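What follows is a short report on a single structure.
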Amino acid sequence: MRCQSCGFENRVGSAYCEQCRTALTRPCTSCGDPVSASAQYCPACGAPTSGGAGGPPSGGGPPSGGGAPYAAPSASGGCP
């Protein structure tokens, strides 16, 4: 796992860079699993993160368009 701060190539699973001690992972705010500091989506649950570049993992992440947007129920509470 490459450090985003100094570029050092760390061992897979390292929580901190072995050279500059920058955090390489952080807990997902949705499920708590470790997420790469540069990830946009959690690989475990697909929740968006505040990370850097990259797309959702294949087969995961939020849907990419195609569906109708969610419409809140009307104030009258009845069906359309």
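Mind counting the residues in region 11-42 that are in contact with an Asp or Glu (Cβ under 8 Å, 6 or more places away or on another chain) and either crowded, with 16+ Cβ neighbours inside 10 Å or aliphatic (A, V, I, L, M) (or both)?
Matching residues across region 11-42 total 1.
Taking the stated definitions as given, is residue 6 surrounded by fewer than 16 Cβ atoms within 10 Å (Cβ to Cβ), touching an Asp or Glu at 6+ places or on another chain (Cβ under 9 Å) and either modelled with pLDDT of 90 or more or of a type in the set (S, T, N, Q) (or both)?
No.
The values are calculated or read from the model by the stated rules, or taken from the named source; none is laboratory data. Keep in mind the model is a prediction, meaning the values are calculated, not measured. Because the Cβ atoms are built from the backbone with ideal geometry, glycine has one as well, and the counts that use them run over all protein chains shown.
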